[in-house]
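Undergrad: Dropping the structure in here first, questions after.
All of the numbers you see were taken from the coordinates with simple rules; none came from a lab. Quick caveat: nothing in here was measured; it's all calculated off a predicted structure. Glycine also receives a Cβ, built like all others from the backbone with ideal geometry; neighbour counts cover every protein chain displayed.
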Amino acid sequence: MAAFEAVSGAPSDITAERPARQLRGGPGDASAERIPAIELDGVSKRFGREMVLRELRLEMGAGRVAVLRGSNGAGKTTLLRMLATRLRPTRGHGRVFGFDLQRQGDEVRRRVALVSVLGGNYPVLTARENLKLAATLSGLPGNDLDAALARVGLDAAADTLVRTFSSGMKKRLGLARLLLLDPPLWLMDEPYAALDEDGKNLLDEVLTAARGRARTVLMASHELERSARFADAVLELAGGALRRSGS
Amino acid sequence: MSAAPQGPRDRAGAAVIPEGSAAGDLAAVLAIARKDLLQEARSRAVTVATLFFSAVTLVMMAFAMGQDAELLRRSAPGVLWVALAFAGVITAAQSFQSDLEEGAFDQLLLYPVPRASVFLGKLLANWLYLAVLGLIMTPVTLVLYGARAGSDLWLLPVTLALGTFGFAVVATFYAALTANLQAREALLPVLMFPVVVPVLLGAVRSTEALVGLQNATLAGGWLQLLAGFDLVYFVTCTAIFHLVVEE
């Protein structure tokens with residue numbers, strides 16, 4: 001409950017006015033900007049006997065950027081995967097742009113992309129083939145594959161199998177997929193990990209642009225000093241609870 | 001940010017993935033199947049394993065039965081389908097295993113396509129692979145075991161298509177169910193073989209009728225049984241696939 005107070009109690013930062021019922025039309029709705037990008041209402045997640053997330057309450061307005069910090073095993077990845085509909089809450093309800101995580105998963109997935117630690121790439125496909133698959137499965141025409149690859153500096157490796165990529169290149173490919181899909185909500189799990197200095201600067205540019213274009217970003221990161229420069233708020237997960245730790 | 005795609009956008013200009021459509025879902029199914037087949041064409045991991053395993057099975061069983069030509073001839077359909085069944089287990093297990101390596105299966109489930117499309121894509125790839133394997137193994141088995149195709153030879157490919165389809169449905173479903181388990185290699189055959197017995201029985205009996213080991217007129221009945229079980233398994237597994245991939 002303290003997490004709810006700490007996170008959603010401050011009206012001027014990442015919070016947004018809770019939408020009225022009739023406003024739940026998603027981003028296409030004329031009043032969509034009033035719908036929080038993320039709402040968590042008493043969300044808990046248990047794995048076996050271990051309660052990883054406890055009664056999380058959060059309201060994050062659209063167009064805000066927040067950094068999620070916490071020690072290893074605190075539940076950051078679990079929270080991000082839950083918001084991406086890969087994990088079901090054990091208790092409570094969550095909504096993304098007004099769409100329920102459990103009952104309206106397809107609608108949520110139309111508005112969310114997750115950059116995961118593992119990359120999510122197919123090693124035996126080329127970089128371009130990976131992006132082409134992402135475009136096809138997202139119902140997008142796929143005209144922008146080369147532009148996305150060029151944006152992250154992978155244009156020269158577009159037709160190279162991903163299994164030959166370094167960790168940093170795989171991370172860049174995940175970033176290219178995010179730019180290609182460009183959804184309203186970006187979930188990023190340790191986006192700076194494995195990137196070299198150029199890659200980190202590139203990510204800084206991407207995040208700066210994302211802020212300018214009102215994308216909502218929730219990013220789990222141990223590079224707090226760097227990532228916090230773009231953030232409206234820093235949230236901390238500890239002991240399964242969420243609280244605001246600074247801005 | 002020139003990589004951002006054309007198409008529907010929210011008020012902030014972010015891409016909102018278009019609503020799903022039957023054509024979009026079909027495109028997703030074909031894209032997933034193509035991806036799986038392309039991966040296999042490049043890695044050849046399953047091809048090498050299944051061809052070798054099938055050849056060893058055929059030869060070992062032939063040696064085990066000795067020089068009794070009639071026994072060899074009568075056992076040909078059973079040996080063929082046992083070899084195909086074990087090859088099918090390898091095929092289905094590997095189709096998920098290769099996706100799990102770098103979180104690609106997780107990523108696959110984050111796209112806004114129905115879970116059923118993911119299942120159907122994987123099923124299509126596994127079925128095509130098994131059917132082609134069956135087309136290669138059938139003449140080899142008939143020659144090696146001294147069996148001959150009867151007058152209704154055209155029904156043999158139908159038997160192969162229905163038998164491998166039913167087997168692929170069950171194998172793909174259970175491979176998804178066990179993909180994240182530590183003992184998946186042991187659990188997959190243990191769980192799926194009891195379920196797939198009607199399919200194997202129908203396929204073996206129909207093959208027996210078509211190679212002159214039973215009255216050829218019985219083949220039609222066995223094929224109807226096979227088609228019936230295929231339909232039941234197909235509808236059931238497609239409908240409940242989402243339950244096995246959501247955590």
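Undergrad: Would you list the helices (runs of 4 or more DSSP H) that sit entirely within region B:42-151 and hold 1 or more residues that are over 25 Å from A:G120 (Cα atoms)?
TA: Answer list for region B:42-151: B:45-65, B:69-100, B:115-144.
Undergrad: Test of understanding: among A:G142, A:G168, A:G119, which residue is more than 10 Å from chain B (Cβ to nearest Cβ) and either part of a helix (DSSP H, G or I) or out of contact with any strand residue (DSSP E or B) (no Cβ under 7 Å at 6 or more places or on another chain) (or both)?
TA: None of the others qualify; the one that does is A:G168.
Undergrad: In region B:98-127, what residues are more than 14 Å from chain A (Cβ to nearest Cβ), out of contact with any Asp or Glu (no Cβ under 9 Å at 6 or more places or on another chain) and aliphatic (A, V, I, L, M)?
TA: Residue satisfying the conditions is B:L123 alone.
Undergrad: Okay, moving on. Among the residues of region A:57-100, how many are touching a residue at least 40 places away in the same chain (Cβ under 8 Å), out of contact with any Gly (no Cβ under 6 Å at 6 or more places or on another chain) and in a strand (DSSP E or B)?
TA: 15
Undergrad: Ok, one more. Pick from B:V195, B:V235, B:V132, B:V199: which is buried (at least 23 other Cβ atoms within 10 Å of the Cβ), over 27 Å from B:D68 (Cβ atoms) and free of Cβ contacts under 8 Å to residues at least 60 places away in the same chain?
TA: B:V199
Undergrad: Still on this structure: Conditions: (1) surrounded by fewer than 23 Cβ atoms within 10 Å (Cβ to Cβ); (2) under 20 Å from the mean Cα position of the chain (by Cα); (3) more than 7 Å from chain B (Cβ to nearest Cβ); (4) not acidic (D, E). A:V112 meets all but one. Number of the miss?
TA: All conditions pass for A:V112, except number (1).
Undergrad: Given (1) in contact with an Asp or Glu (Cβ under 6 Å, 6 or more places away or on another chain); (2) farther than 27 Å from B:S98 by Cβ; (3) within 12 Å of chain B (Cβ to nearest Cβ), where does A:L80 come up short, assuming only one miss?
TA: Here A:L80 meets the rest and fails (2).
Undergrad: Looking at region A:147-162, which of the residues that are in a helix (DSSP H, G or I) and more than 9 Å from chain B (Cβ to nearest Cβ) is farthest from B:D25 (Cα to Cα)?
TA: In this case the residue turns out to be A:A156.
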